[in-house]
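Q: Take this structure, written in C-alpha cells, and hold onto it; I'll ask about it next.
Just so it is clear, none of the values below were taken in a lab; they were calculated from the coordinates. Remember, predicted model here, so these are calculated numbers, not experimental data. We place every Cβ from the backbone using ideal geometry, glycine too, and count neighbours over all the protein chains shown.
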Amino acid sequence: MRILLVEDDELLGNGLKRALSRESYLVDWLLDGKQALQALQTDEFSLVILDLTLPGMDGLDIIKNLRKAKNEIPILVLTARDSLTDKVSGLDLGADDYLVKPFELSELVARIRALSRRHYNHIDPHIELGRISINPNNNEVFLEGIPIHLSRREYALLMEFVNHKQQILSRAKLETVLYGWDEDVESNAIEVHIHNLRKKLYPELIKTRRGIGYSLEVLS
Amino acid sequence: MTDKERGYSLKNRLIKQLLGSFVIITILSLFGIYLDTRHEVEELFDASLAQTSRVLLGLLHPETIKQNNDSLHKSLDIHDIDFDIFDEEATPYGHKYEKKLAFQVWENKQNLLLKSSSIDIKPMAPLNPGFSYVTIEDYRWRTFCLYSEHSKVWLIVGERDDIRGELTHDIAFNHILPVIFILPFLAGVIWLTISKAIHPLQSLVNHVDKQNYHQLESVDKKNWPYEVNILTRAMNHLFQRLNQSYQREKRFTSDVAHELRNPLAALSVHNDNAIAENNDSGITDILVNMRRGIGRLSHLVAQLLALSRADREVQADEFSKVDLLSICQQLQQQFEFQAEIKEQKLSFQLPDEPIEISAIEVLLSSMIANLIDNALRYSPPGSSVQVICEHNAELTKVIVEDSGQGIGDELKARVMDRFYRIPGSRATGSGLGLSIVKRIAEIHHVDLQLLDSPDGGLKVQLIFSFSH
C-alpha cells in the first residue's frame with residue numbers, strides 16, 4: 001500500500017516514514033502543501049496522511065481541492081490543531097479521520113488499517129482468498145492455516161493485488177506502488193517478487209497477462 | 001461602603017460652598033448698605049430737624065406764648081386722643097408718630113415757656129447749641145438745640161431715634177427680602193447645574209462597573225466635557241493595554257501547548273521506532289520508560305490546553321443545544337482504545353433518547369472525557385469503569401464510577417486544586433483533570449459531587465440543573 005505522508009516537521013516526518021515502512025507500507029513524504037496536491041493529482045496513492053499547517057498550501061485547502069476533483073483517496077488528518085472548529089471543518093470538507101498530535105503510533109497504524117479496510121470494503125479485517133488468509137492487523141499470511149513468511153515488499157505486492165482483485169496491474173504501476181519515487185528499481189524487480197510470491201504461496205495465484213501486466217486468480 | 005470609603009460628595013460640597021459664600025457675601029453687602037442708608041437717613045433727618053427748629057425759633061416770641069398760653073397748651077395736648085383705635089398711623093386727629101416728636105421752649109434756661117405734650121417738664125437735652133443724643137424714658141432721642149439772641153429763648157427740638165431706624169430698617173429689609181426669596185431658587189439652579197455637570201462621571205462609573213475583566217470595552221466618545229474626556233481617554237488607553245496583555249496571557253498557554261505538540265509527536269514516533277527495531281532487552285526497558293515519560297508529557301500538554309480553553313470568561317452566546325447522548329457515544333468510541341491497553345472494562349449505560357441540554361459542546365465533552373480518563377488512569381489493569389447517563393423530567397445525571405483506590409474524604413476537596421496529585425499515586429496524571437472538570441462544571445452550573453462507589457472506588461456525579 002502506497003501512502004503519501006504530508007508533514008512539514010522534518011523530525012516527525014522522518015520518524016513516521018520509518019515507522020510506516022516497518023509496517024510494510026510504501027511511504028512517500030512531502031513537506032510542502034502545493035507539491036502534495038500536485039502529487040495526489042498525478043500519482044496514485046492508497047491513502048494520504050495530511051498535516052493541516054503546511055507551507056505552500058493549507059491542509060484544509062488540499063482536502064477541498066481533492067474532493068472537488070472527485071478524488072476519493074482516504075485522508076487521515078494528523079495535526080496539532082485540535083479545536084472543534086478545525087475538527088469539524090476538516091471532516092466536513094471530506095477528511096476521513098482525524099488524529100491529534102501527539103499520538104500513539106499503534107493508534108495511527110490501527111486507523112490506517114481501518115481506513116483502508118473501509119475504503120476497499122473489507123468489513124472483516126481478516127481477508128480470505130481461497131486457500132490463503134491474511135490478517136492485516138499484524139501482516140500475517142497463512143496458506144491453508146500455515147503461516148508463511150513474506151518479505152515487506154512481497155506482502156505489499158500481495159496486498160496491492162488483494163485491494164484490486166478484478167484488475168490487471170501493469171508492471172509500471174506495481175513499481176510505483178512498491179518503490180515510490182525514492183528508490184532506483186532494478187529492471188526485473190517486480191518479476192523477482194512475483195516469482196517469490198508464487199513460490200511461497202502457490203503458482204496459480206498470480207496470472208501473467210502478456211504485454212499488459214498481472215492479475216490475481218483466486219482458486220476456491 | 002463605609003462613609004470613609006465613600007468619601008465626600010462633590011455635589012454637596014459644591015452646593016454648600018457656593019451657597020455659603022453667596023450668603024456670606026450677601027450679608028456683608030447688606031450690612032454695608034444698612035450702615036450707608038442709616039448714615040444718609042440721619043443726615044437728612046438732622047438737616048430737617050435743624051431747619052424746622054430755625055423756622056420755629058424765628059416765629060417764637062415769649063410774649064405771644066404767654067398771651068396764648070392756654071390755647072397753645074390745649075392745642076398741643078394730645079393725651080386725650082386714643083390713636084390705638086385706628087388701624088392707620090395717620091388718623092383724622094393726628095398721627096401716631098406725634099408722640100415720637102417733641103420740643104421745648106425755655107426762657108433763661110429755667111422757665112419752660114412751651115412744650116409738646118409728649119415730653120416732660122425737665123430739659124430734654126443740655127441747653128447747649130447743636131445736636132446731641134439723649135435718653136428719655138428708655139428711648140434714644142436725637143435733639144437739636146438753638147438759642148435766639150433776639151428773643152432770649154432756647155428751643156430744643158427732638159425726634160425719637162426709632163423713627164429713623166424704622167426707615168433704615170425698611171430700606172435694608174427691602175433689600176434682604178428678594179435675596180431670601182432668591183436663595184432657594186439659586187440653590188436649585190446650582191444643584192441642577194452641578195448634577196448635569198457631573199452626570200458624565202456617573203455614566204462613566206456605570207460603564208466601568210459593567211466591564212468584564214477579560215474583555216474591557218473602551219468608552220464611546222460622547223458629548224462630554226473636556227475634564228471627563230481626558231479621564232475617558234486615559235481609561236481607554238489603559239483598557240486597551242489590559243486587553244492586549246490579557247490576550248497575550250491567554251494565548252501563551254495555548255501557544256506553548258501547541259508548539260510542544262510537534263516535537264512531542266516526533267519524539268514519541270522515534271521512541272516507538274527505537275522500541276520496535278531494537279533487540280537488546282536492556283535498552284528496550286530504557287526505551288519503554290522513555291515512552292512513559294513522553295506519554296506523561298503529552299497528557300500534561302493536552303490538559304494544559306484543555307484548561308486554557310475552559311479557564312476563561314464564557315459568553316452566553318457560546319451555549320447551544322447539545323445532545324449529551326451523542327457526546328457520550330463519541331466518548332465511548334474514543335476511550336475504547338485506552339481501556340483496551342490496560343485490559344479494563346469500560347461500559348456505558350445510556351438512555352435511548354437524545355438528551356438536549358444547553359452547554360458549550362467542546363467543554364462538556366472535555367469534562368466527561370476527563371472523568372473517564374481519570375477513572376481509567378487511576379484504576380488498576382483489569383478493573384472496570386462504568387459511565388451512566390440518567391435522564392428524567394426532573395434532572396439529568398452523568399455518573400462515572402471506577403473500582404480503583406477511591407479518594408479519602410479529607411482529600412476530596414484538595415484533588416480539585418490545580419496540579420495537586422495525591423501523594424504516592426503512581427499513575428501518570430497531570431494533576432489538572434479534576435480542576436478542569438470543576439471549572440467546566442462551574443461554567444455550566446453543574447453540581448459536581450465526589451462520592452465513594454460501593455466497591456471502594458471513586459464515583460463522580462454530575463447533576464445538571466435546568467434552571468440555567
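Q: Using 0.36 nm per residue, how much length does the chain from B:I176 to B:E98 gain when fully extended, once their Cα-Cα distance is taken away? Show your work: numbers first, answer last.
A: Details: separation 78, 0.36 × 78 = 28.08 nm, distance 2.93 nm.
Length gained between B:I176 and B:E98: 25.1 nm.
Q: Here's a follow-up. Which whole number gives the average count of other chain Cβ atoms within 10 Å of the Cβ atoms across peptide A:5-16? Don't skip to the answer; put the middle values down first.
A: On the way: counts 0, 0, 3, 1, 5, 1, 7, 10, 2, 4, 10, 6.
Across A:5-16, the average partner-chain Cβ count within 10 Å equals 4.
Q: Can you give the charge dipole size of the protein assembly as shown about its Cα centre, rounded to the nearest 20 debye, using +1 on the beta carbon of Lys and Arg and -1 on the beta carbon of Asp and Glu?
A: On the way: 76 positive and 96 negative charges, 307 e Å.
So the magnitude is around 1480 debye.
Q: For B:I341 and B:R251, FRET efficiency with R0 = 60 Å and r from the beta-carbon atoms, rounded to 0.05?
A: That pair, B:R251 with B:I341, gives E of 0.95.
Q: Take every Cα pair under 8 Å in the range B:320-452 that's 6+ residues apart, average their separations, divide by the length, and report that relative contact order as a whole percent. Intermediate values should be presented prior to the final figure.
A: Values: 183 pairs, mean separation 30.9, N = 133.
Averaging sequence separation for qualifying contacts and normalising by length gives 23 percent for the range B:320-452.
Q: Lysine pairs, Cα distance under 15 Å, 8 or more residues apart or cross-chain: how many in chain A?
A: Numbers: A:K34/A:K64; A:K64/A:K87; A:K87/A:K101; A:K165/A:K173; A:K165/A:K207; A:K199/A:K207.
Final tally of qualifying lysine pairs is 6.
Q: Check cross-link reach from B:K152 to the aspartates and glutamates: straight Cα distance under 13 Å, and skip same-chain residues fewer than eight apart.
A: Within the straight-line cut-off, B:K152 pairs with B:E63, B:E107.
Q: Cα-based Rg (one decimal) and Dmax (whole number) for the range B:317-464, in Å?
A: In order Rg, Dmax, the Cα atoms of the range B:317-464 give 14.6, 43 Å.
Q: How long, wide and thick is the protein assembly as shown, going by the Cα atoms along their three principal axes, in whole angstroms, largest first?
A: On the principal axes, the protein assembly as shown reaches 185, 58, 48 Å in Cα extent.
Q: List the extent of the Cα atoms of the range B:198-276 along each of their three principal axes, largest first, rounded to whole Å.
A: Computed over the range B:198-276, the largest-to-smallest principal extents equal 77, 18, 12 Å.
Q: Is the C-alpha gyration tensor of the range B:384-463 telling us rounded, prolate or oblate? Criteria: a/c under 1.5 is rounded; beyond that, a/b larger than b/c is prolate, otherwise oblate. Mind dumping the intermediate values first?
A: Details: a/c = 2.17, a/b = 1.35, b/c = 1.61.
Here the range B:384-463 falls in the oblate category.
Q: Compute the Cα gyration tensor for the range B:236-317, then decide on rounded, prolate or oblate, letting a ≥ b ≥ c be the square roots of its eigenvalues: rounded whenever a/c is under 1.5, prolate when a/b is larger than b/c in the other cases, and oblate in all that remain.
A: Working: a/c = 4.82, a/b = 3.44, b/c = 1.40.
Because a/c hits 1.5 or more and a/b exceeds b/c, the range B:236-317 counts as prolate.
Q: Could you tell me whether chain B comes out rounded, prolate or oblate from its Cα gyration tensor? Rule is a ≥ b ≥ c as square roots of the eigenvalues, rounded for a/c under 1.5, then prolate if a/b exceeds b/c, otherwise oblate. Mind showing how you got there, number by number?
A: Details: a/c = 6.31, a/b = 4.80, b/c = 1.32.
Prolate.
Q: Report the relative contact order of the range A:126-179, percent, no decimals, based on alpha-carbon pairs under 8 angstrom and at least 6 residues apart. Could the numbers behind the result be given before it?
A: Working: 40 pairs, mean separation 10.3, N = 54.
With pairs under 8 Å counted, the relative contact order is 19 percent.
Q: For the pair A:H126 and B:D80, how long in nm is the line joining their label points, each one 7 Å along Cα→Cβ?
A: Label at A:H126, label at B:D80, 15.7 nm between them.
Q: Each label point is 7 Å from the Cα along the Cα-to-Cβ direction; what then is the distance between the points at B:E40 and A:A114, in nm?
A: Here the modelled spin labels are 10.9 nm apart.
Q: Right, something else. Any chance you could run the full-extension gain for A:V185 through A:R171? It's 0.36 nm times the residue separation minus the Cα-Cα distance, nm to one decimal. Before the final figure, lay out each step's value.
A: Values: separation 14, 0.36 × 14 = 5.04 nm, distance 1.15 nm.
Difference between extended and current length: 3.9 nm.
Q: Estimate the FRET efficiency between B:H199 and B:D317 by the formula 1/(1 + (r/R0)^6), using the beta-carbon distance for r and 22 Å for R0, to the nearest 0.05.
A: Values: r = 32 Å, r/R0 = 1.45.
E(calc), rounded to 0.05, equals 0.10.
Q: Further question on the same structure: Name the residue from A:H164, A:N138, A:L205 whose Cα lies farthest towards the positive end of the charge dipole of chain A, charges +1 on Cβ of Lys and Arg and -1 on Cβ of Asp and Glu.
A: Positive-most Cα among the choices belongs to A:L205.
Q: Working out 0.36 nm times the residue gap between B:R414 and B:Q17, then minus their Cα-Cα distance, what length gain in nm do you get to one decimal? Mind showing how you got there, number by number?
A: Values: separation 397, 0.36 × 397 = 142.92 nm, distance 5.83 nm.
Roughly 137.1 nm would be gained on extension.
Q: Same structure, new question: Enter the angle in degrees (range 0 to 90, nearest 10) between the Cα long axis of helix B:161-210 and the first principal axis of the Cα atoms of chain B, meaning the one along which they spread out most.
A: The angle comes out near 10 degrees.
Q: What's the angle, to the nearest 10 degrees (0 to 90), between helix B:361-378's Cα axis and the longest principal axis of chain B?
A: That helix lies at roughly 50 degrees to the long axis.
Q: Here's something else I'd like to know. If you take the alpha carbon radius of gyration of chain A and divide it by 2.2 N^0.38 Å, what ratio comes out, to two decimals?
A: Details: Rg = 17.8 Å, N = 220, 2.2 N^0.38 = 17.1 Å.
That works out to 1.04 for chain A.
Q: Report the residues of the range A:1-37 in range of a label on B:E277: point 7 Å along Cα→C-beta, backbone N strictly under 12 Å from it.
A: Taking a point 7 Å out along Cα→Cβ of B:E277, the residues of the range A:1-37 whose backbone N falls under 12 Å are A:14-23.
Q: Next question, about the same structure. Taking Cα atoms of the range B:247-400, Rg/Rh with Kirkwood Rh, to two decimals?
A: Numbers: Rg = 18.8 Å, Rh = 18.0 Å.
Using only Cα positions, Rg/Rh for the range B:247-400 is 1.04.
Q: Which order do B:D417, B:D70, B:D373 fall in if you start with the one that has the fewest other Cβ atoms within 10 Å?
A: Numbers: B:D417 13, B:D70 8, B:D373 22.
Final ranking by Cβ density, sparse to dense: B:D70, B:D417, B:D373.
Q: Listing B:F31, B:F239 from the residue with the fewest other Cβ atoms within 10 Å to the one with the most, what is the order? Walk me through the numbers before you get to the answer.
A: Numbers: B:F31 11, B:F239 17.
Fewest-to-most Cβ neighbours within 10 Å comes out as B:F31, B:F239.
Q: While we're looking at this one, here's another question. Using a cut-off of 27 Å between alpha-carbon atoms, which lysines can reach B:K16, once sequence neighbours fewer than 8 places away in the same chain are excluded?
A: B:K4, B:K196
Q: Relative contact order for chain A: what percent, with Cα pairs under 8 Å and sequence separation of 6 or more?
A: Values: 334 pairs, mean separation 36.8, N = 220.
Relative contact order of chain A: 17 percent.
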